[in-house]
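The values are calculated or read from the model by the stated rules, or taken from the named source; none is laboratory data. Fair warning: this is a prediction, and the values are worked out from it, not measured in the lab. Every residue, glycine as well, gets a Cβ built from its backbone with ideal geometry; the counts of neighbours run over all protein chains shown.
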Amino acid sequence: MNPCLWIGVILVSSLCIVSCARKKNKETAPSYGCNSNCGCTNPNSICGCTNDLSNIPASYKTAITKYTNANTNYSLHVCTQDSDSDGSPDYMVVESSNRPEHKSHYFETTHALYELFDFLTNLYKYAATKTSAGYSGAPGPAGHNKIAEQFIVMKMPISPDNASSKTNTTYSTIGLALNGVSFFNENAAPGDQITNELFTFDQCSGHPQNSGVYHYHVDPVCLIRDLGGSVTDNSTTVNGTTYRWIEDSGSNGNLLLGFLLDGHPVYGPVGDNHTDSNGNATPSIDSYNGHFHATTEFSSGTYHYHVKTANIGGTSSSVFWITNEKYFGTPGSVRIY
Ligand SMILES: [Zn+2]
Ligand SMILES: [Zn+2]
């Protein structure tokens with residue numbers, strides 16, 4: 001056959017393969033999440049499909065590297081951006097599909113990480129909050145929301161600061177945990193109460209919002225377990241049914257969990273007091289849920305947030321919020337594609 005004809009045949013058949021695949025994707029893709037251009041091939045990706053830590057500040061390298069290996073199922077990418085092209089990087093960039101490595105009731109039932117959860121468990125897991133907040137609802141899942149793949153690009157300032165004018169956090173992604181899952185603040189979106197939303201959290205204390213963005217408002221107990229932190233199994237038996245849940249042991253104050261948009265790290269929950277990585281007493285937590293001292297990843301000390309015991313429910317509450325209204329530093333930006 002004429003070589004030109006061969007090329008024609010190859011072209012036509014590859015076009016068919018592309019269009020058939022596209023059609024199939026369209027039919028099976030969720031109605032929310034990133035329906036196309038998911039992952040590091042997204043044209044908006046800054047890192048592309050590689051990790052480049054060469055321009056990450058030396059003091060941040062150990063901590064930022066943890067983004068590249070904490071999630072055993074879905075990879076994240078980390079790099080820097082010189083947004084004003086002046087030859088020096090301005091942002092540390094983390095790119096994530098926002099899917100956890102742990103099981104969830106909120107994966108599609110056909111997903112390998114789907115696991116059934118009895119939401120009545122939350123009545124006992126969050127018993128202190130239930131009492132103090134006067135919750136009298138019937139716990140159940142967050143509507144029909146399911147975890148959907150996203151493409152999230154988080155940009156953190158390369159030199160995190162103590163902002164002279166503090167910025168409010170928002171009702172969306174305010175940071176990323178080391179497994180790439182979004183951190184949300186201590187509030188539900190207007191119209192909802194977080195003290196009611198608690199009862200829609202899955203076995204790992206997360207839930208997806210209405211476009212499938214899975215997130216943690218509180219202590220992410222399964223991530224803590226997966227990072228090698230200390231958790232305990234708790235259970236109660238009511239009318240012959242045993243409800244089991246994972247609980248934070250209360251000794252994860254030195255465990256790095258992720259970063260907020262301002263570039264300051266988030267560590268595990270503490271009360272008002274804990275010791276630093278050298279065993280020394282630390283300054284008390286400020287009104288942004290943070291303070292400055294040496295940590296395992298930042299031996300010279302760094303400002304950092306702690307997931308902190310909530311005021312609601314008092315000190316016996318098992319609820320821990322990640323933030324308190326405002327960022328300590330100047331936030332970078334986040335885009336969800
Ligand atoms: Zn939420
Ligand atoms: Zn601390």
Checklist entry - Looking at the range 69-116, which of its residues are within 14 Å of the chain's Cα centre (by Cα) and without any contact (Cβ under 8 Å) to a residue 40 or more places away in the chain? => result Ser75
Checklist entry - Mind checking which residues of the range 298-328 are at pLDDT 80 or above, buried (at least 17 other Cβ atoms within 10 Å of the Cβ) and either over 19 Å from the mean Cα position of the chain (by Cα) or on the phi > 0 side of the Ramachandran plot (or both)? => result Phe298, Thr302, Tyr303
Checklist entry - Taking the range 58-73, which residues are of a type in the set (Ser, Thr, Tyr) and modelled with pLDDT of 95 or more? => result Ser59, Tyr60, Thr62, Thr65, Tyr67, Thr68
Checklist outcome for this item: Per the list (1) surrounded by fewer than 18 Cβ atoms within 10 Å (Cβ to Cβ); (2) free of Cβ contacts under 8 Å to residues at least 60 places away in the same chain; (3) touching a Ser or Thr at 6+ places or on another chain (Cβ under 9 Å), residue check on Glu247 breaks on (2)
Checklist outcome for this item: Residues in the range 138-193 that are among the hydrophobic types (A, V, I, L, M, F, W, C) and either part of a loop (DSSP other than H, G, I, E, B) or out of contact with any strand residue (DSSP E or B) (no Cβ under 6 Å at 6 or more places or on another chain) (or both) total 13
Item to check | Candidate set: the range 165-207, residues that are of a type in the set (Asp, Glu) and closer than 20 Å to Leu120 by Cα; chosen: the one modelled with the highest pLDDT | outcome: Asp202
Checklist entry - When residues of the range 106-164 are filtered for being of a type in the set (Lys, Arg), at pLDDT 95 or above and closer than 30 Å to Tyr288 by Cβ, how many remain? => result 1
Checklist entry - If you check every pair at least six apart or on different chains, which have Cβ atoms under 9 Å apart with a residue in the range 46-57 that is at pLDDT 95 or above and of a type in the set (S, T, N, Q) first and a residue that is assigned to a loop (DSSP other than H, G, I, E, B) and exposed (fewer than 13 other Cβ atoms within 10 Å of the Cβ) second? => result Asn55/Ser88
Checklist entry - Would a scan of the range 208-224 turn up a residue that is within 16 Å of ligand 2 (Cβ to nearest atom), of a type in the set (Gly, Ala, Ser) and at pLDDT below 95? => result no
Next on the checklist: Just to verify a result, which residue in the range 152-181, among those that are among the polar types (S, T, N, Q) and under 9 Å from the mean Cα position of the chain (by Cα), is nearest to Lys61 (Cα to Cα)?
Outcome noted: Asn179
Item to check | Single residue of the range 171-190 satisfying the filter (of a type in the set (A, V, I, L, M, F, W, C) and within 13 Å of Gln209 (Cα to Cα)) that is farthest from ligand 2 (Cβ to nearest atom) | outcome: Ala189
Next on the checklist: Can you tell me which condition His291 does not meet? The list is (1) farther than 17 Å from Asn185 by Cβ; (2) assigned to a strand (DSSP E or B); (3) of a type outside the set (Lys, Arg); (4) in contact with a helix residue (DSSP H, G or I) (Cβ under 9 Å, 6 or more places away or on another chain), and all the others hold.
Outcome noted: (4)
Checklist entry - Looking at (1) out of contact with any His (no Cβ under 9 Å at 6 or more places or on another chain); (2) more than 29 Å from Thr80 (Cβ to Cβ); (3) away from ligand 1 (no atom under 12 Å from the Cβ), which is the only condition Leu257 fails? => result (2)
Next on the checklist: Filter the range 171-194 down to the residues that are closer than 23 Å to Ala138 by Cβ and within 12 Å of ligand 1 (Cβ to nearest atom) and list them by number.
Outcome noted: Asn187, Ala188, Ala189, Asp192, Gln193, Ile194
Next on the checklist: Kindly evaluate Gly134 against the criterion of being surrounded by fewer than 13 Cβ atoms within 10 Å (Cβ to Cβ), touching a residue at least 24 places away in the same chain (Cβ under 8 Å) and in contact with a Ser or Thr (Cβ under 9 Å, 6 or more places away or on another chain).
Outcome noted: no
Item to check | Leading residue by the ranking (nearest to ligand 2 (Cβ to nearest atom)) among those in the range 194-207 that are surrounded by fewer than 24 Cβ atoms within 10 Å (Cβ to Cβ) and without any contact (Cβ under 8 Å) to a residue 60 or more places away in the chain | outcome: Ile194
Checklist entry - Residues of the range 170-184 being over 20 Å from Val93 (Cβ atoms) and surrounded by fewer than 24 Cβ atoms within 10 Å (Cβ to Cβ), which ones? => result Tyr171
Checklist outcome for this item: Given the conditions (1) assigned to a loop (DSSP other than H, G, I, E, B); (2) under 16 Å from the mean Cα position of the chain (by Cα), every one holds for Ala63 apart from (1)
